[in-house]
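Throughout, read-outs are computed from the coordinates displayed, never taken from laboratory work. Predicted model, so just to flag it, every value in this text is computed and none were measured. Here the Cβ is made from the backbone with ideal geometry for all residues, glycine too, and neighbour counts use every protein chain on show.
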Amino acid sequence: MSTLYLASTSPRRSELLSQVGIKHTVVKSNYKEDNTLLTSPVELVERQALGKAREAIGIPSGRQLVLGADTIVVSDEQVLGKPISIEDARKMLAQLSGKEHLVITGVALLCDGVERVFHVITRVLFKELSDDEINAYIKTGEPFDKAGSYGIQGIGALWVREIHGSYTNIVGLPVEVVYDELQKLLR
């Protein structure tokens, strides 16, 4: 397989690929995310994933295989990206408390002029959270680089009551689907 370039500085995406044996090189993308471009959550994540892949820098010439991804949380038809403040994190977590929400990841795979763009949706049910639980979690710092203000691979796992769909999608990259799509693309 050609070198896979991951157009993401997310340590979780890189760890997921490594965990399942997909060798890759992390590169930066110049793409600027903009959650205000929303026409639908699915279109948003697919557009942003494609933008990240197209704007990847530091890739040598030759056969190029680039992966871009974007993950959001949707609750009550509202897109929850990464929190921008303590108060923002507090509001997001209170909004998720005791309810089901969607985690949607858009993925773009680019190879020799071919662009494959798709998304994966996972439904997650949270338990009721007390103000004390929310405040203690915020103090850990864990919410601040994660869509929806929580990480299922960390302390946030304590609040998840049900998952319907891909666990790795919630972490930030549905590796089982990415693997299948890579196989199709490289045939």
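Before moving on, here are some points about what is shown:
- Dipole magnitude of the chain about its Cα centre (Cβ charges: Lys, Arg +1; Asp, Glu -1), debye to nearest 20: 600
- Contact order relative to length of the stretch 70-136, as percent, for alpha carbon pairs under 8 angstrom and 6 or more apart: 33
- Helical mean residue ellipticity (222 nm; -39500 (n - 2.57) per DSSP H run of 4+; nearest 500) of the chain: -9500 deg cm²/dmol
- Helix 175-185 axis, angle to the chain major axis (alpha carbon atoms, nearest 10°): 20
- Local electrostatic count, Leu44, Cβ distance below 12 Å [Lys/Arg +1, Asp/Glu -1]: -4
- Computed over the chain with a Gaussian network model linking Cα atoms closer than 10 Å, the most mobile of Leu44, Leu67, Leu16 is Leu16.
- Relative contact order (percent, whole number), the stretch 141-187, Cα cutoff 8 Å, 6+ residue spacing: 21
- Principal-axis tilt of helix 131-140 within the chain, Cα atoms, nearest 10 degrees: 40
- Value in Å of the Kirkwood radius, where the stretch 1-71 supplies the Cα pairs that are averaged: 12.6
- Viscosity 1.306 mPa s, temperature 10 °C, Stokes-Einstein D of the stretch 4-186 from Kirkwood C-alpha radius, µm²/s: 95
- Alpha carbon centroid spacing (whole Å) that separates the stretch 68-114 from the stretch 121-187: 9
- Helix axis angle, 86-96 relative to the chain longest principal axis, alpha carbon, degrees: 90
- Those trypsin sites (Lys or Arg not before Pro) in the stretch 18-71 that DSSP places in a loop and that have at most 13 other beta carbons within 10 Å: Lys23, Lys28, Lys32, Arg63
- With N counted as the residues of the stretch 105-176, its alpha-carbon radius of gyration over 2.2 N^0.38 Å works out to 1.35.
- Among the listed pairs Lys32/Lys127; Lys23/Lys52; Lys28/Lys99, those beyond 30 Å (Cα-Cα): Lys32/Lys127; Lys28/Lys99
- Normalising the average separation of contacting C-alpha pairs (under 8 angstrom, six or more residues apart) by the number of residues puts the relative contact order of the stretch 4-186 at 22 percent.
- When you filter the GluC sites (Glu not before Pro) in the stretch 74-141 for DSSP loop state and at most 10 other Cβ atoms inside 10 Å of their Cβ, you are left with Glu77, Glu128.
- Percent of C-alpha pairs per 5 Å bin in the stretch 52-159, short distances first: 2, 12, 20, 19, 13, 10, 9, 7, 4, 2, 0.
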